[in-house]
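My questions will all concern the structure given below.
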Amino acid sequence: MTDAPHEKASIASLAMTRRMHRRRAAETRFRLYGRASVIFSMAALGWLLLSIAATGLSAFTQHWVDLDLDVRAESATDNDRRRLADALAGGFGVQADDAVRQELLALVSASAATDALARNAERSGATLRLTVPVSDQADQYYKGRVDASRPAAQRRLTDRQIAWLDRWADEEQVERRFNRGLFVNPDSRDPERAGLASAILGSVMIVLIAGALALPVGIGAAIYLDGFAPQTGWGGRLTRALEVNINNLAAVPAIVFGLLGLAVFINVFGLARSIPLVGGLVLALRMFPTIVIASRAALRAVPDSLTDSALSLGASRMQAVFNHKVPIAAPAMLTGSIIGMAQALGETAPLLMIGMVAFVTAVPESPLDPATALPVQIFLWSGSAEAAWAERASAAIIVLLAVLMVINGVAIVLRERLQRRRSL
Amino acid sequence: MVEDKPIKFSGRCVSVHYGASRALHNVDIDIPDRNVTALIGPSGCGKSSLLRVFNRMNDVISNARVTGEVRMDGIDIYAPDVDPVLLRARVGMVFQKPAPFPRSVYENVAYGPRLHGLARTKARLDMLVERSLRRAGLWDEVKDRLSMPAPGLSVGQQQRLVLARSLAIDPDVILMDEPASSLDPIATARLEALIEELKTRYCIIIVTHSMAQAARISDHTAFLHKGELIEFDQTERLFTNPADIRTQDYITGRFG
């Protein structure tokens, strides 16, 4: 500091001015810290989303190939794979031996193609036109994820295979399409045929069951604890003990709830493993404390003067609470509850404990059929090394995030609507 | 005490405890009907506790305990067969801070009559709402804005609105707990004029921290100190010729 403030006429003493400078500096520093942390978290979030999108977005499209297969009756055997391989070899004009057959079959989704062949078995002899997905390796190649300049030993496609794929592409037999299978197919051993149908349906059923159980019980419990439970004497002690334990319940690791579900619902009640009903029951237990705590906080924020006024007008306690406390707390209760449901949607660990990690190749038709859930499906797919699985795992994450965003959006819209009605 | 009016409330040996602490101790009091009775005293003297005895709002406080006998029109209001909800329909209350429900002006006033089924038709309800708002001196100010949200009114209007709200259920008694403490002088003057009008119909008991206000509006005044009723007399006599030295000290501003 210079002497300048001394010389100039000032409204405050030099010491005051100096202190003011320090206070200003502290404030500026705090602002900077705040901005830095906001930028850091936005950057982390952006990086996360970008990396997921970079790997995952390509899974929403898939390459299909049109094949004109000359499936001759005389070369036909009972083995569809062999017939397919021979037909492919014929298409490329190469002599078919075992090694060539193996490499050819690795170009298309062999299981899809042989299924189609089997369906058209009676037409064998004629030229058969098939449109099938290419294999996961070929798909990755067409998406530019296979570096053909690397030595053949370091990639999973041989030089011969790459030449064949290029020929398909040159003859415009390959087409990139929207990957409908990702949403309508259940899980599969072949990445190009694997989809999220079982996982999406499983998650929807789990969240609906959990919500239907936990929402009324949780909100009811919160209203009871807030307005009706005894507050004094032994009853009051019991109430407080209950509240402490509900808070503790919220802090219990999720996997413990899975253990509980395994022990109670599966071992004692004899429900089947891997079914959405058990998943819903377990996640209802998981959501319950979250909903109670959020609803309690919302109810406590309503001023007592409103219920007191209602009581002094001769309302019963029930009328006072339900006419005045609950409507005002409703938007916040709803928000808390939907956050609880969103948490349940992303929950993985307890579902692993009750066997929802099973490999399910059928779309569940009821909550009693085996199913997986979205986060579990992500867990399963991310465990496989192939690029196609990594791509699909990221795509599944995008789907999960999209579902969560929709749920949160619905929560916000509902809350706004309730609040507008309240302010009349 | 020379009385020409009938007694509305008579309390004998009334004590109020909140948990272990005693807020009111062995109070005997007879409150006349169609009269304004003021309860004065320093903070924490038990005047609000005494007020809440008359409509059993102490029951709402979880650890409160009321002992003794309180009769309204000769009926023991703490008898086991008396439902506090029905008692409160006859004993209205206005709180220190106005707490209008976050609904329209009309809905606020109509809430009580709806609770108790006082109006069978919409026209009757409209009539009841208008009459209550008129009695509370608010009708002219809000008659064109009955559907506007009540929290949008000024504090003075809100206080008269909650008064109208309690008048709508046609009580015998109106309890007021420092009703003017959040009002400006003009709104206070309006409220006091209103009390003056209302006392021809209702028994009014008012807690106030302002001795001037008690002197202006009340017919009887009770002075409480440390949970005990020190003196209860006609207002004029209590303020000009107090019997107890503590009353004299308080009204002359020596403490409190």
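None of the figures in this text is laboratory data; all of them are computed from the coordinates on show. Keep in mind that this is a model prediction, so the values were computed, not measured. Cβ coordinates were reconstructed from backbone atoms using ideal geometry, including for glycine residues, and neighbour counts include every protein chain displayed.
Determine the dipole magnitude for the stretch B:101-179: charges of +1 sit on the beta-carbon of Lys and Arg, -1 on that of Asp and Glu, nothing else is charged, the reference point is the Cα centre, and the result goes in debye to the nearest 20.
Here the size comes out at about 340 debye.
Could you identify which residue out of A:45, A:14, A:368 has the top mean-square fluctuation in a GNM of chain A using Cα springs shorter than 10 Å?
In this elastic network of chain A, the residue with the biggest mean-square fluctuation among A:45, A:14, A:368 is A:14.
Same structure, new question: Under a straight-distance cross-link criterion of Cα-Cα below 12 Å, which aspartates and glutamates are reachable from residue B:5, leaving out those fewer than 8 residues away in the same chain?
Those aspartates and glutamates meeting the cut-off are B:30, B:33, B:219.
Gaussian network model of chain A, Cα springs within a sub-10 Å range: biggest mean-square fluctuation belongs to which of A:210, A:110, A:163?
A:163
Output needed for the protein assembly as shown: three equivalent-ellipsoid semi-axes, defined as square roots of 5 times the C-alpha gyration tensor eigenvalues, in descending order, whole Å.
Numbers: eigenvalues 1244, 192, 106 Å².
Computed over the protein assembly as shown, the values are 79, 31, 23 Å.
Taking the dipole about the Cα centre of the protein assembly as shown, with the C-beta of Lys and Arg at +1 and of Asp and Glu at -1, give me whichever of A:30, B:43, A:282 is farthest to the positive side.
So the residue we want is B:43.
In the Gaussian network model of chain A, springs joining C-alpha atoms below 10 Å, which of A:289, A:370, A:253 carries the largest mean-square fluctuation?
Result for chain A, Cα springs under 10 Å: A:253 fluctuates most.
Tell me, Kirkwood radius of the stretch A:65-177 from alpha-carbon pair distances, in Å?
Across the stretch A:65-177, the inverse of the average 1/r is 14.4 Å.
Step through the table entries A:325/B:226; B:47/B:97; B:97/B:143; B:47/B:199, compare each Cα-Cα distance with 25 Å, and write down the pairs that go over it.
A:325/B:226
Under 14 Å from the Cβ of residue A:313, count the other residues' Cβ atoms, weight Lys and Arg +1, Asp and Glu -1, and hand me the total. Intermediate results must be reported in sequence, preceding the final value.
Values: positive: A:317, B:56, B:88, B:90, B:103, B:114, B:165; negative: A:308, B:107, B:170.
Local charge sum for residue A:313: +4.
Give me the percent of Cα-Cα pairs in the stretch A:296-424 that sit more than 22 Å apart, rounded to a whole number.
Cα-Cα pairs of the stretch A:296-424 separated by over 22 Å account for 56 percent.
Taking each pair of distinct Cα atoms in the stretch B:91-169 once, what is the resulting Kirkwood hydrodynamic radius in Å?
That comes to 12.1 Å for the stretch B:91-169.
In whole Å, what are the extents of the stretch B:7-251 along the principal axes defined by its C-alpha atoms, from largest to smallest?
The Cα atoms of the stretch B:7-251 stretch 53, 42, 30 Å along their principal axes.
Taking every pair of Cα atoms in the stretch A:197-423, average 1/r, invert it to obtain the Kirkwood radius, and report Rg/Rh to two decimals.
Working: Rg = 20.1 Å, Rh = 19.1 Å.
Reported Rg/Rh (Cα atoms, Kirkwood Rh): 1.06.
Now a separate question. Which ³J(HN,Hα) values in Hz, rounded to whole numbers, follow from the phi angles of the stretch B:216-223 under the Karplus curve 6.51 cos²θ - 1.76 cosθ + 1.60, where θ = phi - 60° and Gly and Pro get x?
5, 10, 9, 8, 10, 9, 10, 9
Let me spell out the model: positive unit charges on the Cβ of Lys and Arg, negative unit charges on the Cβ of Asp and Glu, origin at the Cα centre of chain A. What dipole size does that give, in debye rounded to 20?
2760 debye
With the dipole of the protein assembly as shown worked out from charges on the C-beta (+1 for Lys and Arg, -1 for Asp and Glu) around the Cα centre, which of A:343, B:247, A:62 lies farthest toward the positive end?
So the residue furthest toward the plus end is B:247.
A follow-up question, please. So what is the calculated 222 nm ellipticity per residue for chain A, using -39500 (n - 2.57) for each DSSP H run with n of 4 or more, over all residues, to the nearest 500 deg cm²/dmol?
-21000 deg cm²/dmol
Another question about this same structure. Using the crude model of +1 on Lys and Arg Cβ and -1 on Asp and Glu Cβ, and no other charge, please compute the dipole size for the stretch A:109-222 relative to its Cα centre, in debye to 20.
Using Cβ point charges on Lys, Arg, Asp and Glu, the stretch A:109-222 gives about 80 debye.
Hey, another quick one. Could you compute the longest span of chain A free of GluC sites (Glu not before Pro) located in DSSP loops and having at most 11 other Cβ atoms within 10 Å, not counting the site residues?
By the stated rule (loop sites, at most 11 other Cβ atoms within 10 Å), A:173-364.
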